[in-house]
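Colleague: Structure below; questions to follow.
The values are calculated or read from the model by the stated rules, or taken from the named source; none is laboratory data. This one's a predicted model, so the numbers in the text were calculated from it and none came from an experiment. Here the Cβ is made from the backbone with ideal geometry for all residues, glycine too, and neighbour counts use every protein chain on show.
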Amino acid sequence: MAFNTGLSGLRAASVDLDVTGNNIANASTVGFKGSRAQFGDLYANGFLSSGTNPIGDGVRVQDVKQSFAQGNISFTDNGLDLAINGDGFFVLNNGGEVRYSRAGQFGIDKDGFVTNNQNMRVQGFQADEDGNLSGIRGDLQVDASNLAPRRTTDVQSELNLDSREGVLEVSGTTYQTLQPAPTATVGEQILNIARADGTSTNITVPAGSTARDIAELLNQQDDVSASARTEYTVPVGEIQAGETVSVQGTDFAIPAGEADPVGWLRDAINNSPLNSSVNATITQGAGGTPEFLRLIESRGNNLSVAYEAAAGTVSEVQVGSLNTTLPVDASLTSDGALLTGATTDTFRTNTFDPNDQRTYNHATSFNVFDSLGNSHELTQYFVKEPVSGGGNVWAMYVQIDGEEVGDPPTANGEASSARYELQFNVDGTLQSVDGDPNGEVLISNWTPLDSKGAPNGADGPLLTANGGATPVPQPPTSSNFAINLAETTQFGSAFGVTDQRQNGYTTGRLSGLDVSDTGVLFARYTNGQSDTLGQVALASFRNTDGLAPVGETSWVETFDSGQPIVGQPDTGTLGSIKASSVEESNVDLSAELVNLIIAQRNYQANAKTIETSDAVTQTIINLR
């Protein structure tokens, strides 16, 4: 019996030596988890009893248990080396077999798949063409092809226009205010613009045209700029509590007993849907006393107002005025009533000329991209506008590569001057752009040109008359894009560009890969863009000790481990990802060397047991 006991001890000590030696051998293996042998004693048991003085039968190896404690994380120079800081395993596809590993030494194979040193493919969550991650798991793959260009469809332009700026003045150009007559009494009219060089242009104004309509016609001329604006003032004494005031057909019933009926009406108008085109303010008289309720239709459309004055109900349609900048020595003539009440001011102002810095207050430029990925320079010019009766109005002119992009086109089919009117509130915030309270304008007449001024083959414009509108449909089929100026301000500080960005880019080549703490794989391209390729998947188990090691620093699922719980890094109980890092073996080499000495001692001691038993047996044999 002593022979068997000693022999079992030798076997156990040998296993202990093997386990310790394996730990020492893998002390530098990335992702390796150390093991330890666990032993149990043996006793002979009968059916009814084990005896009153049982003697053990030796020892057996119950289990070789691995320690899944966190190993140290060390940094590397490979961006795809990944370490898990916390719980979880990388999910690997080994030709259809699923394995789990903590060794994150990854690279790219010839087909672009992310693999480990044994060509097992790393599993992750796929991303669509727009970089949106899905819950679909598959092999992570890096697409090394060039990133396709993306045309510009949205421009965000956030600026501050200096409210202290004055209207620019240049001698030689006359500023005139034209007063269109009420549309009910005027039919079609002819405007004749005579120039100093002897040329002239006839402009047909259709019957019923508003000031805004006429301004758009004038702006199609190369050397004319015009803006439209409608104002109406109501004496504050004629606005009483309990009365109803109608603006553009919307009734505003002032509550009876209202202490400040004028202020109530102003706020009611500005908080109603009318604020998209009509703004109400209170003008002060001498000594700061409220004098008039001032209504402004910033687009130059007709403005209908009805209120109950002391002498009876007043119901009027106010026609907008035109602020025009005309060529040198030009004159406007008409046979109709369009110029009724026209005045010529004594001061002189400029005609906008993008080639003359004296004719605009500010300018800023940045690049936009066509459907082929070609870069083009978009320039915004800002001009402080003179407005009769005061007001905070700027004109924005837009050119691309020095070419006009205005819609509608001129009579000969060329792009007109792209001019947009920015109306600001008294607190410096933007009220509207060409009457749009969202501050958005559409560039719908841009034909991308090459360096020689010829169309370069990219998608061309879709005019508003043919269906061009905002938002630009996706996928886009034209060169149209929107400029959003909603955050533009007019404060008393220097002109400055707060933010300017657009969503287009040129083609790019793959220049590098980055991995975030959540395992998201980013591709970096030479055009400055990045694209989400996917996200590394991690798996955890209810009983990690139940995993079966299969070599190559990997494990497989067993019945004891339970099914894997697969998720995104840094969620739930899963750890985070450290890029350009690996997890070292968790073997404590000093402790293993001590364990080696103990295992050697145990082996020698058990061998001594066998030797002693042999001597005793020999003594018995010699008894004769």
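Colleague: Looking for whichever is within 22 Å of the chain's Cα centre (by Cα) and at pLDDT 95 or above here; the options are Ser479, Ser516. Which one fits? Break it down into steps so the answer makes sense when it comes.
Modeller: Values: Ser516 fails: at pLDDT 95 or above.
Checking each option against the conditions leaves just Ser479.
Colleague: Kindly check whether there is at least one residue in the stretch 205-212 that is in the same structural domain as Glu291 (by TED's automatic domain parsing), surrounded by fewer than 17 Cβ atoms within 10 Å (Cβ to Cβ), in contact with a helix residue (DSSP H, G or I) (Cβ under 7 Å, 6 or more places away or on another chain) and at positive phi.
Modeller: Among the residues of the stretch 205-212, at least one is in the same structural domain as Glu291 (by TED's automatic domain parsing), surrounded by fewer than 17 Cβ atoms within 10 Å (Cβ to Cβ), in contact with a helix residue (DSSP H, G or I) (Cβ under 7 Å, 6 or more places away or on another chain) and at positive phi, which makes the answer yes.
The rows are residues; the columns are (1) under 43 Å from the mean Cα position of the chain (by Cα); (2) part of a loop (DSSP other than H, G, I, E, B); (3) free of Cβ contacts under 8 Å to residues at least 40 places away in the same chain.
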site: Thr230; (1), (2), (3): yes, no, no
site: Thr233; (1), (2), (3): no, no, no
site: Ala241; (1), (2), (3): no, yes, yes
site: Val245; (1), (2), (3): no, no, no
site: Phe252; (1), (2), (3): yes, no, yes
site: Pro255; (1), (2), (3): no, yes, yes
site: Glu258; (1), (2), (3): no, yes, yes
site: Trp264; (1), (2), (3): yes, no, yes
site: Ala268; (1), (2), (3): yes, no, yes
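Colleague: Here is a further query. When you scan the stretch 10-33, how many residues do you find that are closer than 22 Å to Gln62 by Cβ and either among the basic types (Lys, Arg) or within 57 Å of the chain's Cα centre (by Cα) (or both)?
Modeller: Kept after step one, since they are closer than 22 Å to Gln62 by Cβ, are these residues of the stretch 10-33: 10-23, 33.
Pick out the ones that are also either among the basic types (Lys, Arg) or within 57 Å of the chain's Cα centre (by Cα) (or both) and you get 11, 18-23, 33.
Residues meeting the conditions: 8.
Colleague: Which residue pairs have Cβ atoms under 6 Å apart, sit 6 or more places apart or on different chains, and have a first residue in the stretch 7-25 that is closer than 19 Å to Glu584 by Cβ and a second that is part of a helix (DSSP H, G or I) and of a type outside the set (S, T, N, Q)?
Modeller: So the pair list comes out as Thr20/Glu592; Thr20/Leu596; Thr20/Ala599; Asn23/Glu592; Ile24/Glu592.
Colleague: Scan the stretch 584-602 and tell me whether some residue there is in contact with an Asp or Glu (Cβ under 9 Å, 6 or more places away or on another chain), modelled with pLDDT under 95 and surrounded by fewer than 15 Cβ atoms within 10 Å (Cβ to Cβ).
Modeller: Checked against the condition, which is being in contact with an Asp or Glu (Cβ under 9 Å, 6 or more places away or on another chain), modelled with pLDDT under 95 and surrounded by fewer than 15 Cβ atoms within 10 Å (Cβ to Cβ), the stretch 584-602 yields at least one hit.
Residues checked against (1) buried (at least 17 other Cβ atoms within 10 Å of the Cβ); (2) outside any loop (DSSP other than H, G, I, E, B); (3) not assigned by TED's automatic domain parsing to the domain that holds Phe113:
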residue	(1), (2), (3)
Ala539	yes, yes, no
Trp555	yes, yes, no
Thr558	no, no, no
Ser561	yes, no, no
Asp570	yes, no, no
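Colleague: Then there's this: Given the conditions (1) touching a Ser or Thr at 6+ places or on another chain (Cβ under 8 Å); (2) outside the structural domain of Leu574 (by TED's automatic domain parsing), and given that Gln62 satisfies all but one, which numbered condition is not satisfied?
Modeller: Condition (1) is where Gln62 drops out.
Colleague: Within the stretch 482-492, identify whether any single residue is of a type in the set (Val, Ile, Thr), in a loop (DSSP other than H, G, I, E, B) and crowded, with 20+ Cβ neighbours inside 10 Å, and answer yes or no. Walk me through how you get there before you give the answer.
Modeller: Looking only at the stretch 482-492, we keep the residues that are of a type in the set (Val, Ile, Thr), and these are 483, 488-489.
Checking the rest, the ones that are also in a loop (DSSP other than H, G, I, E, B) come to 488.
Remaining after also requiring crowded, with 20+ Cβ neighbours inside 10 Å: 488.
Yes, the stretch 482-492 contains a residue that is of a type in the set (Val, Ile, Thr), in a loop (DSSP other than H, G, I, E, B) and crowded, with 20+ Cβ neighbours inside 10 Å.
Colleague: For the structure I just gave you, tell me whether Val236 is modelled with pLDDT under 90, in contact with a Phe, Trp or Tyr (Cβ under 9 Å, 6 or more places away or on another chain) and of a type in the set (A, V, I, L, M).
Modeller: On the way: modelled with pLDDT under 90: yes; in contact with a Phe, Trp or Tyr (Cβ under 9 Å, 6 or more places away or on another chain): yes; of a type in the set (A, V, I, L, M): yes.
Judged against the criteria, Val236 is a match.
Colleague: Anything in the stretch 505-527 that is of a type in the set (Gly, Ala, Ser) and either farther than 25 Å from Val368 by Cβ or assigned by TED's automatic domain parsing to the domain that holds Ala579 (or both)? List them, or say none.
Modeller: Here is the first cut: in the stretch 505-527, the ones of a type in the set (Gly, Ala, Ser) are 508, 511-512, 516, 519, 523.
Listed by number, the residues that qualify are Gly512, Ser516, Gly519.
Colleague: While we're looking at this one, here's another question. Do you know which of the residues in the stretch 22-54 that are among the aliphatic types (A, V, I, L, M) and either modelled with pLDDT under 80 or touching a strand residue (DSSP E or B) at 6+ places or on another chain (Cβ under 6 Å) (or both) is nearest to Tyr100 (Cα to Cα)?
Modeller: Going through the qualifying residues, I end up with Val30.
Colleague: Can you find, within the stretch 349-383, the residue that is surrounded by the fewest Cβ atoms within 10 Å (Cβ to Cβ) among those that are under 27 Å from the mean Cα position of the chain (by Cα) and outside any strand (DSSP E or B)?
Modeller: Of the residues in the stretch 349-383, the ones under 27 Å from the mean Cα position of the chain (by Cα) are 363-381.
From the residues that got through so far, the ones that are outside any strand (DSSP E or B) too are 370-374.
Values: Asp370: 25, Ser371: 20, Leu372: 14, Gly373: 19, Asn374: 20.
It comes out as Leu372.
Colleague: In addition: Restricting attention to the stretch 423-430, does a residue exist that is under 29 Å from Ile203 (Cβ atoms) and touching a Pro at 6+ places or on another chain (Cβ under 9 Å)?
Modeller: Within the stretch 423-430, the subset under 29 Å from Ile203 (Cβ atoms) is 423.
Retained after the next criterion (residues that are touching a Pro at 6+ places or on another chain (Cβ under 9 Å)): none.
Checked the stretch 423-430: no residue is under 29 Å from Ile203 (Cβ atoms) and touching a Pro at 6+ places or on another chain (Cβ under 9 Å).
Colleague: A further question on this structure: Just one of the numbered conditions (1) closer than 10 Å to Val245 by Cβ; (2) without any contact (Cβ under 8 Å) to a residue 60 or more places away in the chain; (3) surrounded by fewer than 19 Cβ atoms within 10 Å (Cβ to Cβ) is not true of Glu308; which one?
Modeller: (2)
Colleague: Restricting to strands (runs of 3 or more DSSP E) lying wholly in the stretch 94-163: which have 2 or more residues that are in contact with a strand residue (DSSP E or B) (Cβ under 8 Å, 6 or more places away or on another chain), outside the structural domain of Lys578 (by TED's automatic domain parsing) and surrounded by 17 or more Cβ atoms within 10 Å (Cβ to Cβ)? Steps first, answer last, please.
Modeller: Numbers: elements: 97-101, 121-127, 133-139, 154-160.
The strands (runs of 3 or more DSSP E) meeting that bar are 154-160.
Colleague: With respect to the numbered conditions (1) in contact with a strand residue (DSSP E or B) (Cβ under 8 Å, 6 or more places away or on another chain); (2) closer than 23 Å to Glu231 by Cα; (3) at pLDDT below 75, which one is the sole condition not fulfilled by Ser315?
Modeller: Exception for Ser315: condition (3).
The rows are residues; the columns are (1) in contact with a strand residue (DSSP E or B) (Cβ under 8 Å, 6 or more places away or on another chain); (2) within 30 Å of Leu147 (Cα to Cα); (3) modelled with pLDDT under 75.
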site: Ala310; (1), (2), (3): no, no, yes
site: Leu332; (1), (2), (3): yes, no, yes
site: Thr349; (1), (2), (3): yes, no, yes
site: Tyr360; (1), (2), (3): yes, no, no
site: Glu377; (1), (2), (3): yes, yes, no
site: Val383; (1), (2), (3): yes, no, no
site: Gly389; (1), (2), (3): yes, no, yes
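Colleague: Continuing with this model, one more query. Restricting to the stretch 493-521, name every residue that is more than 30 Å from Asn361 (Cα to Cα) and surrounded by 19 or more Cβ atoms within 10 Å (Cβ to Cβ).
Modeller: Initial filter on the stretch 493-521 (more than 30 Å from Asn361 (Cα to Cα)): 506-521.
Within the stretch 493-521, Thr506, Gly508, Val515, Gly519, Val520, Leu521 qualify.
Colleague: Also, quick follow-up: If you take the residues in the stretch 232-280 that are among the hydroxyl-bearing types (Ser, Thr, Tyr) and surrounded by fewer than 17 Cβ atoms within 10 Å (Cβ to Cβ), which one is farthest from Pro437 (Cα to Cα)? Even if it seems obvious, please write down each step before you answer.
Modeller: Keep residues of the stretch 232-280 that are among the hydroxyl-bearing types (Ser, Thr, Tyr), which gives 232-233, 244, 246, 250, 272, 276-277.
If we keep only those that are surrounded by fewer than 17 Cβ atoms within 10 Å (Cβ to Cβ) too, we end up with 233, 244, 246, 250, 272, 276.
Working: Thr233: 22, Thr244: 26, Ser246: 21, Thr250: 18, Ser272: 12, Ser276: 5 Å.
The extreme case among them is Thr244.
Colleague: So Gln600 fits all but one of (1) touching a residue at least 12 places away in the same chain (Cβ under 8 Å); (2) in contact with a strand residue (DSSP E or B) (Cβ under 6 Å, 6 or more places away or on another chain); (3) not in a loop (DSSP other than H, G, I, E, B); (4) not charged (D, E, K, R); what number is the exception?
Modeller: Unmet condition: (2).
Colleague: Quick check: is even one residue across the stretch 63-81 aliphatic (A, V, I, L, M) and within 26 Å of Asn606 (Cα to Cα)?
Modeller: Start the filter on the stretch 63-81 by keeping residues that are aliphatic (A, V, I, L, M), which leaves 64, 69, 73, 80.
Remaining after also requiring within 26 Å of Asn606 (Cα to Cα): 64.
Yes, the stretch 63-81 contains a residue that is aliphatic (A, V, I, L, M) and within 26 Å of Asn606 (Cα to Cα).
Colleague: While we're looking at this one, here's another question. Output the number of residues of the stretch 574-624 satisfying the condition of being in contact with a Lys or Arg (Cβ under 9 Å, 6 or more places away or on another chain) and β-branched (Val, Ile, Thr).
Modeller: Count: 1.
Colleague: Also, quick follow-up: Among the residues of the stretch 444-462, which ones are buried (at least 16 other Cβ atoms within 10 Å of the Cβ) and more than 13 Å from Arg151 (Cβ to Cβ)?
Modeller: Those that are buried (at least 16 other Cβ atoms within 10 Å of the Cβ) and more than 13 Å from Arg151 (Cβ to Cβ): Ser444, Asn445, Thr447, Leu449.
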